[in-house]
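**Q** First the structure, which I've put down as structure tokens, then a few questions once you've had a look.
The values are calculated or read from the model by the stated rules, or taken from the named source; none is laboratory data. The structure presented is a predicted model; accordingly, all values stated were derived computationally and were not measured. When we count neighbours, we look across all protein chains shown, and the Cβ atoms used for this are built from the backbone with ideal geometry, even at glycine. All accessible areas refer to the heavy atoms of the entire protein, side chains included, with ligands and DNA or RNA removed. Shrake-Rupley method; radii C 1.70, N 1.55, O 1.52, S 1.80 Å.
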Amino acid sequence: MSILDHTHPQASADADLLRYFPKDFVWGAATSSYQVEGAVNEDGRGPSIWDQFSATPGKTYQGHTGEVAADHYHRFKEDIALMKSLNLGAYRFSLSWSRILPQGTGAVNQAGLDFYERLVDALLAQDIAPMATLYHWDLPLALHEKGGWLKRDTAQAFADYAEIVARRLGDRVTWWQTHNEPWCIAYQGYGIGIHAPGLKDMSLVPTVGHNVLLSHGLAMPRLRAHVRPGAQVGITLNFTPGYGADEQPSTLAEVGKAARADRWFSDPLFKGVYPDGFFADLGVAPPLIKDGDMALISTPIDFLGVNNYTRTLFQATGDGSRSKKVDLVQGSLYTDLHWEVYPPAMRDVLVWLHKEYAPKMMLITENGAAFVDDWDGSSDHIHDPLRTAYLHDYIRAVGEAIQQGASVGGYFTWSLLDNYEWMDGYSKRFGMVYIDFPTQRRIIKDSGLWYANFIRQYKMHQS
Ligand code: FCB
């Protein structure tokens, strides 16, 4: 059965979804370099902090690494054919900094740039708009050894790298993003150490966050100088809103903390200030802010990338003395990462961002779900109704936000492919396309078929 023949049982419900989405809405899917490319030792790529972290015993699920990942480096043409059959209008990928600058600064590895040029050209040949993210967590190891994101020099190095990429691809790439989820870079990587580089020191977190923001601000004019007219330059932040199951003061306090955490990067980017009380919540000192930093950081962006997967619900304990995260919300469905499925959070985040900062445009740059996929080892089918339902309901929530005035221009699922889910290795599957990792065989899951059909209906609706 071809995708075009595929009729999803929810077809009529899907038709109802379509009316929410404006003309020229972009439907895409996302991946990131270390999670899909593999080829870590090829064509002059230098090591990144993720190569080192994943090779350190005990850091990742069964010691899994991104050495081969989804082998996208070699199979990108096959993957673009899959994107085409999924009717995608755009593909969000990230570039590996150490493929382009093996030492992070200095000599440029042309073979690295050539790879991304081949990828971009192949996308354009299929009429799929490339969205390039410059940093999705894989810092060149050489820079880490000089202090990494703890050093302002790294922000400068990032801006140099951004310009090198923009000089080569600026005439062709429509959408640019400096960073993916600075929150995770700082908190997970330096605070609790579950991501590379694996440091566990909360006092480092504000400095890392600040230097990442600084690198964004420094890169903005360097990108703008070399991208084509009409190209859109932005950044992606992640949001996990907090809700209260009751109105106890301790619950409201936790909800307030979650709100400040969600503002950690958006307040500086849009208002040029850090949220009041946020560093006190973390119990650490604020970063050192030099003259001019906040003005640089709040350089206007063309769009805000929004990643949202779940929410946090807080509830007072029996004696009412404190409140904590509810681990299992009655009646809620949880994904394989134990993330609660809660589509209204997507709507609420978008409406809040719109009211609070009025970004020129927002794009959902990641949304999706890890569920266990069963494959019998031979058939061409993967039935993943939970993922389909997740996408359907979250897309609907995006539509509701648009209806409430939020200006949203696109939606990208996480992920196009099953891939290397950081410290969970290959044990968690997020793809709309299944990968049998031993053979690298690709199979479009039912959720992918649903998405393809939905996009097809959207296009018909527009014409
Ligand atoms: C996001 C990351 C992405 C992926 C998803 C599940 O935080 O940006 O790389 O791991 O979570």
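**Q** Net charge within 13 Å of PHE412 by Cβ-Cβ distance, Lys/Arg positive one each and Asp/Glu negative one each, not counting PHE412 itself?
**A** Every neighbour counted, the sum reads 0.
**Q** Another question about this same structure. Can you check how the C-alpha radius of gyration of the stretch 265-342 compares to 2.2 N^0.38 Å, as a plain ratio?
**A** Expressed relative to 2.2 N^0.38 Å, the Cα Rg reads 1.55.
**Q** Going by Cα centres, the stretch 8-85 and the stretch 319-375 are how many Å apart?
**A** First find each Cα centre; the distance between them is then 21 Å.
**Q** Compute the separation of the alpha-carbon centres of the stretch 155-183 and the stretch 222-287 and state it in Å as a whole number.
**A** Cα centroid of the stretch 155-183 versus Cα centroid of the stretch 222-287: 22 Å apart.
**Q** From the helices alone, meaning DSSP H stretches of at least four residues, give me the mean residue ellipticity at 222 nm for the chain, per-run term -39500 (n - 2.57), in deg cm²/dmol to the nearest 500.
**A** Using -39500 (n - 2.57) per qualifying helix, the result is -11500 deg cm²/dmol.
**Q** Among the trypsin sites (Lys or Arg not before Pro) within the stretch 276-358, which fall in a DSSP loop and have no more than 14 other Cβ atoms within 10 Å of their own Cβ?
**A** Passing both the DSSP loop test and the Cβ count: LYS290, ARG322.
**Q** Relative contact order of the stretch 97-211: what whole-number percent is it, with Cα pairs under 8 angstrom and at least 6 residues apart?
**A** Result for the stretch 97-211 is 26 percent.
**Q** With N denoting the number of residues in the stretch 334-463, provide Rg(C-alpha) divided by 2.2 N^0.38 Å, to two decimal places.
**A** 1.14
**Q** Leaving out ligands and nucleic acids, note down the accessible area per residue over the stretch 119-273 with a 1.4 angstrom probe, in whole Å².
**A** 32 Å²
**Q** Could you pull out every residue, at least 5 positions away or on a different chain, whose amide H is within less than 5 Å of the one on ALA129? Hs are placed 1.01 Å off N in the peptide plane, and Pro or chain starts have none.
**A** Result for ALA129 returns ALA90, TYR91.
**Q** Per residue, how large is the accessible surface of the stretch 357-446? Use a 1.4 angstrom probe and give square angstrom.
**A** Result: 31 Å² per residue.
**Q** Another question, if that's okay. Given H placed on each backbone N at 1.01 Å, which residues far from THR312 in sequence or on other chains put an amide H within less than 5 Å of it?
**A** GLY242, TYR243
**Q** In nm, give the distance between the simple-model label positions of SER463 and ARG441, each being 7 Å from the Cα along the Cα-to-Cβ direction.
**A** 3.4 nm
**Q** Check which residues have an amide H placed less than 5 Å from MET361's amide H, if you skip close sequence neighbours.
**A** Under 5 Å from the amide H of MET361: LEU304.
**Q** In what sequence, highest mean first, do 27-34, 68-75 appear when ranked by Cβ atoms within 10 angstrom?
**A** 27-34, 68-75
**Q** While we're looking at this one, here's another question. Go through the stretch 310-319 residue by residue and turn each phi into a ³J(HN,Hα) via Karplus (6.51, -1.76, 1.60, θ = phi - 60°); whole Hz please, and just put x for glycine and proline.
**A** Whole-Hz 3J(HN,Hα) from phi for the stretch 310-319: 7, 9, 10, 10, 10, 8, 6, 6, x, 7.
**Q** Another one. Which of the residue pairs LYS146/LYS200; LYS290/LYS355; LYS151/LYS324; LYS146/LYS290; LYS146/LYS360; LYS146/LYS324 have a Cα-Cα distance greater than 27 Å in the structure shown?
**A** Check vs 27 Å cut-off fails for LYS290/LYS355; LYS151/LYS324; LYS146/LYS360; LYS146/LYS324.
**Q** Could you grab the relative contact order for the stretch 1-135? Cα pairs under 8 Å, six or more apart, rounded to a whole percent.
**A** In percent, rounded to a whole number, it is 28.
**Q** Relative contact order of the chain, please, whole-number percent, based on alpha carbon pairs below 8 angstrom and at least 6 residues apart.
**A** In percent, rounded to a whole number, it is 18.
**Q** Residue by residue, what Karplus-based ³J(HN,Hα) values in Hz, rounded to whole numbers, does the stretch 325-339 have, using 6.51, -1.76 and 1.60 with θ = phi - 60° and x for Gly and Pro?
**A** 5, 7, 6, 9, 7, 3, x, 8, 8, 10, 7, 5, 8, 6, 9
**Q** How much of the accessible area of the chain, in percent, comes from carbon and sulfur atoms when a 1.4 Å probe is used?
**A** Reported share for carbon and sulfur atoms: 53 percent.
**Q** Shape verdict for the chain, please, from the Cα gyration tensor: rounded (a/c under 1.5), prolate (a/b greater than b/c) or oblate.
**A** rounded
**Q** Assigning unit charges at the beta carbon (Lys, Arg +1; Asp, Glu -1) and nothing else, what dipole magnitude in debye, to the nearest 20, does the chain show about its Cα centre?
**A** 1000 debye
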